[in-house]
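Comments concern the structure below.
The values are calculated or read from the model by the stated rules, or taken from the named source; none is laboratory data. Model, not experiment: these values are computed from the prediction. Please note that ligands, DNA and RNA were not included when accessible areas were found on the heavy atoms of the full protein model with its side chains. Shrake-Rupley method; radii C 1.70, N 1.55, O 1.52, S 1.80 Å.
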Amino acid sequence: MFFEVIARIDDFGRLAWIALMVLGFIVFWPIGLAILVYIIWSGRMGCGWHRGDINEWRQRAVERVNRAAEHWEHKRARWEARRQRWGGPHGGGLGETGNRAFDEYRADALRKLEEEANEFRAFLERLRMARDRAQFDEYMKERRDRPAGTTEGPQAPPQG
């Protein structure tokens with residue numbers, strides 16, 4: 001019975017699956033979500049995702065995250081340079097206001113933001129190190145698993 005319904009929906013094509021998914025979201029969102037997951041998992045949308053494609057997608061996602069991190073680090077460095085040029089530990093335009101409570105609050109908030117920025121930079125460094133370690137371990141595993149009789153040299157690990 002269940003497979004007959006699926007076969008009948010397949011007869012109508014992708015549009016029927018999309019309409020069923022939208023209807024599922026309208027009726028009760030977990031139903032729509034379950035249909036969406038099934039559509040993607042079963043390959044009914046023709047995305048062509050296979051295990052190899054998932055690894056390729058994951059690698060592209062890691063590259064995008066790294067590019068975004070580099071972009072934001074570049075922006076942060078530019079902001080830091082501007083701040084230094086303006087003078088003072090918190091910039092020239094951020095001198096004391098005369099309101100001690102506000103000045104203490106601002107100094108505390110800036111200190112916390114700087115700590116968070118430092119923690120985030122450390123996190124990115126650990127993430128890069130873990131990625132490099134995983135790539136190196138994969139390279140060493142491939143090298144160990146290579147048949148002993150092959151004459152071709154080891155390939156360099158992928159650069160990321």
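With a 1.4 Å probe and every protein chain left in place, tell me how much accessible area Leu20 has, in Å² to the nearest 10.
The value for Leu20 is about 60 Å².
Once the piece of chain linking Gln59 and Glu115 is laid out straight, how much longer is it, given 0.36 nm per residue of separation minus the C-alpha distance between them? Mind dumping the intermediate values first?
Working: separation 56, 0.36 × 56 = 20.16 nm, distance 2.99 nm.
Once the chain is fully extended between Gln59 and Glu115, it gains 17.2 nm.
Keeping all protein chains in place and using 1.4 angstrom, which order do Tyr38, Tyr105 fall into by accessible surface area, from largest down?
Sorted by accessible area, descending: Tyr105, Tyr38.
May I ask you to rank Met140, Met1, Met21 by accessible area, largest first, using a 1.4 Å probe over the protein chains only?
Met1, Met140, Met21
Quick check: residue separation of Val37 and Ala130 times 0.36 nm, minus the Cα distance between them. What number comes out in nm?
Roughly 30.5 nm would be gained on extension.
If DNA, RNA and ligands are ignored and the probe is 1.4 Å, what is the ranking of Phe120, Phe102 by accessible area, most exposed first?
Most to least solvent-accessible, the answer reads Phe120, Phe102.
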